[in-house]
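The values are calculated or read from the model by the stated rules, or taken from the named source; none is laboratory data. It should be emphasised that the depicted structure is a prediction, and the values quoted were computed from it without experimental measurement. Here the Cβ positions follow ideal geometry from the backbone for every residue, glycine too, while neighbour counts run over all protein chains shown. Heavy atoms of the whole protein, side chains included, go into the accessibility calculation; ligands, DNA and RNA do not. Shrake-Rupley method; radii C 1.70, N 1.55, O 1.52, S 1.80 Å.
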Amino acid sequence: CDKVIVFGLRAPFCGMNVSQELVADFVKAHSDRFIGWCSIDPNDEDCIDQLVYCVEELGLRGLKVAPIYQNWNPEDPKHLPFFKKVEAFNLPVNIHQGTSFVRPGPLKYANPIMLEDIAIACPDLRIIISHMGHPWEDECVVLIRKHPNLYSNVSALHYRPRRHYNAFMSALEYGVEHKLIFGSDFPSATPEQVIAGQWKVNDVVKGTQFPIFPDEAIHNIIYENWKLALPEFV
């Protein structure tokens, strides 16, 4: 990988609380390869002030949030001022949707369809949904089809071959395969492992009459589609 987006999740609810200064210092020391994004808990009363600090003082260039890890409801309008500020900064935001092994995390907040209120209230906000919201990949597909500035990454999908294939074919049938972008979910997997996993998406239907996901689309997911969602990092 020539360049890598780096963040450390701030989610005290689940016992994760990475220093944002640590992230900023790390990427500054390796600015030729790493791009730093911040993580902020939307439950914090000073979340907007934290965002301003992370952008204007630390120089972080995107945002990571995670309803299931941070225990916040994406449909609660009290969070909209925070996301409107993210939109005003023109920051991309990666939102973890989908299941997790973290036991305290509320699955009720994990379905990607719950992001629609934010997408409507903040039409210029670029949202990248993690993991295609597994196991709600179809909900993710119809959501990113409907909203121009919504995308999804494909990290963690290749672990489950049938779901991986079905998710990609659903995206193809709805015409949004160009809105799927690469993500490694490191350290759960290395970029090399995830890249290799994408090329195996059709293995589960090999020798059958089921349609295959096109090689060109696989190539674009790995190397090209991210440029649509994150043009400032090209």
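Listed values, structure above:
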read-out: Amide H contacts under 5 Å for residue 64, placed H, 5+ residues apart; value: 38, 39, 40, 94
read-out: Chain lengthening between residue 53 and residue 22 when straightened (0.36 nm per residue, less Cα-Cα); value: 9.8 nm
read-out: Estimated vicinal HN-Hα couplings, Hz - region 68-84 in sequence order (Karplus 6.51, -1.76, 1.60; Gly, Pro = x); value: 6, 8, 9, 6, 9, 8, x, 8, 7, x, 5, 8, 5, x, 4, 6, 5
read-out: In order through region 111-121: 3J(HN,Hα) via Karplus (6.51 cos²θ - 1.76 cosθ + 1.60), integer Hz, x for Gly, Pro; value: 6, x, 4, 5, 7, 5, 4, 5, 4, 6, 6
read-out: The chain: angle of helix 161-173 to the longest principal axis, Cα-based, in degrees nearest 10; value: 90 degrees
read-out: Whole-Å semi-axes of the chain's equivalent ellipsoid (Cα gyration tensor); value: 29, 20, 17
read-out: Gap separating the Cα centres of region 169-216 and region 52-81, nearest whole Å; value: 29 Å
read-out: Positive-pole candidate from 133, 95, 58, dipole of region 54-143, charges at beta carbon; value: 58
read-out: Cα gyration tensor category, rounded, prolate or oblate, for region 43-160 with a/c compared to 1.5; value: prolate
read-out: Interchain or long-range residues, amide H under 5 Å from residue 11's placed H; value: 16, 17, 18
read-out: Any cysteine of the chain lacking a neighbouring Cys Cβ under 4.7 Å - listed by number; value: 1, 14, 47, 122, 140
read-out: Per residue accessible area in Å² of region 1-52, where ligands, DNA and RNA are left out and the probe is 1.4 Å; value: 55 Å²
read-out: Of all accessible heavy-atom area on the chain, the percent that carbon and sulfur account for (1.4 Å); value: 53 percent
read-out: Relative contact order (%) - region 1-115, alpha-carbon pairs under 8 angstrom, separation at least six; value: 25 percent
read-out: About the Cα centre, charge dipole magnitude for region 93-202 (Lys/Arg +1, Asp/Glu -1 at Cβ), debye; value: 240 debye
read-out: Which of 19, 184 is most accessible, then next, and so on - probe 1.4 Å; value: 19, 184
read-out: Tensor-based shape of region 159-215 (alpha-carbon gyration tensor, a/c under 1.5 rounded, otherwise prolate or oblate); value: oblate
